[in-house]
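Remarks on the structure that follows.
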Amino acid sequence: MSSSPGRAFAPAWFNFDDAPVDGLDGLVSIFTGPGPANYLAPDILAEVGHARSERLPILIGFAVEADSDERVIEYARDKLRSKRVDLVVANHAADSFGRDTNRATLVSPTGADALGELPKTELADRIVDWISARLRGTT
């Protein structure tokens, strides 16, 4: 079994707001359900981003927002910097949840690639294509 790090890391859980609550560094708030429930969780993606010292693993974050296209991309760019990730998949909550399709933008330090509405399986393929290109050194 190899002890070398993986090549890519993308959190597989619901992404949550990365604003610290009550000044608690390293924790993020999670708002769920119809009421004002507030939970605290560690910001694992930011921890990994700040701890890595090389290009690997490739880090991918997700930004689901309910705002204008411009604001969603701006938020994704902020997340790129603050979490030190390589790619943020940015989309609108209304275009994502409870649907078989998704309208997303891949936001990297070199630009934003609006993908339009795609089946979620095709969006996943586009993310994997981006990772492959990054590993080949073509992004």
Legend entry - Interchain or long-range residues, amide H under 5 Å from Phe62's placed H: Val89
Inset, instruction - Per residue of region 112-120, in order, report the coupling 6.51 cos²θ - 1.76 cosθ + 1.60 (Karplus, θ = phi - 60°) as ³J(HN,Hα) in whole Hz, putting x for Gly and Pro. - result: 10, 10, 6, 8, x, 7, 9, x, 4
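Every number here is computed from the coordinates shown, using simple stated rules; none is lab data. All of these numbers come straight from a predicted model, not from anything done at the bench.
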